[in-house]
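*Asks:* Have a look at this one before I ask anything.
No value in this document is a laboratory result; all are computed from the given coordinates. Since this is a predicted model, take the numbers as computed values, not measurements. All Cβ positions, glycine included, derive from the backbone under ideal geometry; neighbour counts span all protein chains shown.
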Amino acid sequence: MEEIILYEEKKIVRHSPVELIEHWLLALSGLILLFSGFGELPMYKRYMVTQIPGLNWAGDFIVNLKIHYISAIFFLSVIVFHFVYHGWLGHRGLLPKKGDLKNSVVTILSFLGFGEEPKADKYLPEQRLAYVYLGAVGLILVITGVIKVLKNLPNVYLPPGFITATTLIHTFATIFFLLGVLAHLAALVLKVNRPMVKPIFTGKMDLAYVQRRHPLWYERLAPTSFQVGSQEPVPKVQTSQAREEDAREQKEPGGKAENATGEIVGRKESSIMTTLKVKEMTCQHCVMAVKKALGYLDGVQNIEVDLAKGEVRFENPKGISADKIREAIENAGYQVD
């Protein structure tokens with residue numbers, strides 16, 4: 001399925017059905033590999049996992065070994081399919097780019113209220129780094145796993161030292177793979193990342209979230225995306241920064257602007273501030289998230305956020321509807337009281 005903006009649903013198609021299937025097959029087979037692998041050590045009898053109803057089989061080495069082999073076949077098959085399929089189609093979005101490490105640090109600092117998160121494309125820089133990390137660890141697991149299987153075949157001799165080293169590498173790679181999976185799941189717990197959970201199941205991401213956090217991706221899609229029933233391309237959303245730059249170009253220090261003939265004319269600015277109570281704002285990142293969300297509404301300006309009072313104040317000279325303002329804030333992950 002092609003990436004496209006669904007304006008009626010206010011969504012963007014992020015993953016095709018094929019991508020969803022391969023993601024879940026890889027995730028499930030990987031989790032089963034981890035579970036059965038630790039079952040071979042053995043661990044589950046020692047820590048009484050076998051006492052849990054329905055898991056009495058978890059202490060059986062042979063059962064775990066067979067499950068491990070079957071899940072390994074699925075895991076390896078999905079990996080091969082992934083590289084062949086996406087390589088053939090020329091998908092390069094998850095490959096690391098120059099500056100990803102630096103931008104990942106900047107992004108993490110922005111969560112703590114230091115600085116602003118850099119503009120992202122379809123994938124965040126930390127997602128690309130995680131992809132490389134899990135891919136490298138997964139490759140080590142596959143290679144060492146194949147060697148561990150070969151040593152059990154008749155007429156195959158491998159030096160004992162080599163087998164021991166391979167087993168240790170496989171075990172440590174398993175631990176690093178588990179840590180990577182846990183970090184991946186932990187990242188989705190963060191409020192700013194929660195809108196990424198639903199697309200894992202539906203393949204569609206909220207349009208407002210994409211505009212706020214993945215503006216480079218949105219800008220690539222917007223010029224070629226069409227509204228249902230319309231033959232005209234939908235214009236790009238003008239960011240608050242762009243509007244401020246336009247205003248500075250047109251506005252004189254005295255609060256006046258030039259008309260088409262060069263004459264200075266008065267600008268009518270609304271000085272009436274609208275105040276809203278917004279729940280769940282806890283840090284400077286929340287402040288920036290709310291400001292960004294409202295900044296995408298053409299007409300909302302002079303946005304102020306009082307974190308202590310849980311209030312957002314802004315001017316609305318163009319009369320943007322309250323429903324649109326509420327929707328923008330709630331799509332950012334916060335509740336309007």
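*Asks:* What does the charge add up to near His170, with Lys and Arg as +1, Asp and Glu as -1, over the other residues with Cβ less than 12 Å from its Cβ?
*Replies:* Taking every Cβ under 12 Å from that of His170, the sum is +1.
*Asks:* Test of understanding: what is the full-extension gain from Gln51 to Ile272, defined as 0.36 nm times their sequence separation minus their Cα-Cα distance?
*Replies:* Answer, rounded to one decimal: 73.0 nm.
*Asks:* Within 10 Å, count the other beta carbons around each residue, average over each peptide in 175-186, 274-285, and list them highest first.
*Replies:* Highest-to-lowest ranking by the protection proxy: 274-285, 175-186.
*Asks:* With r as the distance between the Cβ atoms of Leu150 and Glu19 and R0 = 30 Å, compute the FRET efficiency 1/(1 + (r/R0)^6) and round to 0.05.
*Replies:* 0.40
*Asks:* Given 0.36 nm per residue, what is the gain on full extension from Glu327 to Glu280 after removing their alpha carbon distance, in nm?
*Replies:* 15.4 nm
*Asks:* Between region 117-147 and region 159-174, what is the C-alpha centre distance in whole Å?
*Replies:* Rounded to whole Å, the Cα centres lie 22 Å apart.
*Asks:* Any of Lys97/Lys122; Lys122/Lys204; Lys98/Lys191; Lys10/Lys198 with alpha carbons more than 19 Å apart? Name them for me.
*Replies:* Lys98/Lys191
*Asks:* May I pose another question? If each of Leu188 and Ile169 carries a label point 7 Å out from its Cα toward its Cβ, how far apart are those two points in nm?
*Replies:* Inter-label distance under the simple model: 3.1 nm.
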